[in-house]
Amino acid sequence: MVPEAALVLVWASPDVVGPLRIQFGPRLHVGVVAADGWAGVEFSGADARVLAGELAGWGRSVRLSGPPEVVAALAAIGAELVESYAATGAGSG
């Protein structure tokens, strides 16, 4: 768990800033935009696993900077997905 209203810090690809605004609504704050177009964004929440889950579907379009508990939770989600689906191949199931 992370403390109540912990800020998740993310760099977001320019093409997903709009969709992230839709997903997170007023919880999302867009900060500085780097020369490469990636935007620093932050949003808040209380549970590391839930916060990581909210980001997991964005894949390479986001780069999570912290907090460490959310980074660890996102890594765990990624490992679980690889373990569950890597050997199944595309289109099986």
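Below is a table of values for the structure above.
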item	result
Within a Gaussian network of the chain (alpha carbon springs, distance under 10 Å), most fluctuating of 45, 66, 37	37
Under the span-like rule (Cα at least 20 Å along the axis, Kyte-Doolittle mean at least -1.0), DSSP H helices of the chain	68-85
Accessible area (Å², per residue) of the chain, counting only protein heavy atoms and a probe of 1.4 Å	60 Å²
Theoretical ellipticity at 222 nm over the chain - DSSP helices of four or more residues, -39500 (n - 2.57) apiece, nearest 500	-11500 deg cm²/dmol
Apportionment of accessible area to carbon and sulfur, the chain, percent (1.4 Å)	61 percent
Alpha-carbon gyration tensor eigenvalues x 5, square-rooted, for the chain, Å	24, 17, 11
Peptides ranked, highest mean first, by Cβ atoms within 10 Å: ranges 67-73, 79-85	67-73, 79-85
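The values are calculated or read from the model by the stated rules, or taken from the named source; none is laboratory data. Predicted, not measured: the structure shown is a model, and the values here were computed from it. Neighbour counts run over all protein chains shown; Cβ positions are idealised from the backbone, glycine included. When the accessible area is computed, the model is the full protein with side chains, heavy atoms only, and any ligands, DNA or RNA have been set aside. Shrake-Rupley method; radii C 1.70, N 1.55, O 1.52, S 1.80 Å.
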